1. Pick from the stretch 117-174 the residues that are surrounded by fewer than 16 Cβ atoms within 10 Å (Cβ to Cβ) and acidic (Asp, Glu): which of them is modelled with the lowest pLDDT?
2. Just wondering, is there one or more residues in the stretch 51-58 that are touching a Gly at 6+ places or on another chain (Cβ under 9 Å), more than 12 Å from Cys335 (Cβ to Cβ) and not in a strand (DSSP E or B)?
3. Would you confirm whether any residue within the stretch 309-321 is under 26 Å from Ile256 (Cα atoms), in a loop (DSSP other than H, G, I, E, B) and in contact (Cβ under 8 Å) with a residue 40 or more places away in the chain?
4. Test Leu192 against the criterion of being closer than 19 Å to Gly77 by Cα and not assigned by TED's automatic domain parsing to the domain that holds Leu260, and give yes or no.
5. Tell me the helices (runs of 4 or more DSSP H) entirely within the stretch 154-251 that contain at least 3 residues that are touching a residue at least 40 places away in the same chain (Cβ under 8 Å) and under 30 Å from Ala326 (Cβ atoms).
6. Scan Ala395, Ala353 and give me the residue that is within 23 Å of Trp85 (Cα to Cα), surrounded by 17 or more Cβ atoms within 10 Å (Cβ to Cβ) and small (Gly, Ala, Ser).
7. Out of the stretch 317-345, which residues are more than 11 Å from the chain's Cα centre (by Cα) and charged (D, E, K, R)?
8. Checking Tyr259 against (1) of a type in the set (Phe, Trp, Tyr); (2) in a helix (DSSP H, G or I); (3) in contact with a helix residue (DSSP H, G or I) (Cβ under 7 Å, 6 or more places away or on another chain): exactly one of these is not met. Which one?
Amino acid sequence: MRFSVKQILTTVMVMVALAWMINPSWAGKKDTFTITDFEGRQVEIPTRISRVVTISDGMIAGIMTSLGQAEKIVGIGSSCLPKIWEYDIPSGTGGAHEYREGMNPVFFLNPFLANLPLVSKFGSGINFESIANLAPDVVIVRTGSCSLCASKDILAKNIRLLASLGTPLVVLHGPNTFDRPDISTLSREIELLGEVFQKQARAKEVADFLLASVNDIKARTADIPPDKQKRVLMLGLSPTARENGGAGHVKGKGTIQTYLLNEFAHARNAFSGTGAWNILNAEQLIAMDPDLITLVTAWGYHPPEELYEAPYYKNLRHMRAVKNKAVTALPWSPCNCEKRLEYPIDVMVMARAAYPERFTDIDFCDWLHQFYMTVYGITRDTATQLVSCQWMDWACKGDNR
């Protein structure tokens, strides 16, 4: 039996109409939708995503965890994600201060990451063949991550090669990749991934919560005049710096760390230079005479005890901040080339240390628990474990550092 073109078209129209009556949302539904990434590229994203390859220090996996999408990750691009860390910091008695079970919160929440292929890591190139073999539905990368620390030319080449694989590629830019770091770009990263995974409402909720957290701190310190603002030295007690004849790495102007310190904690950077990894010797550090020292992750974790007691920092104990025990440590953040979802904790630690009288009404331990619970949608018990993962237990033990 032969059908005319008119009969075929009529049959198709009837079938479409019946499908619409059964499920109105079916009509006009597409298999893809378009987003615009940080490179300004129009990217066609499949409506159904089940396999994702990520290259970042934990930001992308963190957002996906917050959005309930982490189980879709099939390949990762940072050796710092699936790793448990431990350190022994020399004590003044000859023993050691032990730090155990440190890790990125994302790994604690997603232990399956340890079994995934590593497609990129710091000091090595991207394994394009491995990514292709994983057959992802989407590849998401974040420039500024330790795995993507390269010149602009090499980075542009890597992005072109990733795009040439034929898989939808979404590129994010961390705050430090901009001439003027601004936390609003981090909020945009969260909301863009909300679009990718069609979880816009939850993504906005998380981004708004992070901003509200730091804006509350900003409001508490906003009226401190410039001449009364504390001078803070953001110091990394890096073994790499010591191997190169220095005492540590110092964060300077033009970094996200200085932006957060100035904008939200209303304190000043004691170091007037620029850049993120300046190596200074003991004499230079002592000459700056900061009011407060904030220890950052720098080739390892560095608690105040290291500055107070380690024999290799004996010279730095002449600093006024060290004598006054005005030293605090930011959360353990392995591969901290860029800020991640936990950035408000950094701001709170710095602001409380600089102006403790402004935060007497806040139970810092409870604040930390509420933070993790809201960002990751977890129980208080799990939040307590994340506090330990980032070696922030001191906040729940009455330590006023």
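The values are calculated or read from the model by the stated rules, or taken from the named source; none is laboratory data. Everything quoted here is computed from the prediction, not taken from an experiment. When we count neighbours, we look across all protein chains shown, and the Cβ atoms used for this are built from the backbone with ideal geometry, even at glycine.
1. Per the criteria, the residue is Asp153.
2. yes
3. Looking for residues that are under 26 Å from Ile256 (Cα atoms), in a loop (DSSP other than H, G, I, E, B) and in contact (Cβ under 8 Å) with a residue 40 or more places away in the chain, one finds none in the stretch 309-321, hence no.
4. So Leu192 fails the test.
5. Fully inside the stretch 154-251 and qualifying: 200-221, 239-243.
6. That would be Ala395, the only listed residue that is within 23 Å of Trp85 (Cα to Cα), surrounded by 17 or more Cβ atoms within 10 Å (Cβ to Cβ) and small (Gly, Ala, Ser).
7. Passing the criteria: Arg317, Arg320, Lys323, Lys325.
8. Checking Tyr259 against (1) of a type in the set (Phe, Trp, Tyr); (2) in a helix (DSSP H, G or I); (3) in contact with a helix residue (DSSP H, G or I) (Cβ under 7 Å, 6 or more places away or on another chain), the one that fails is (3).
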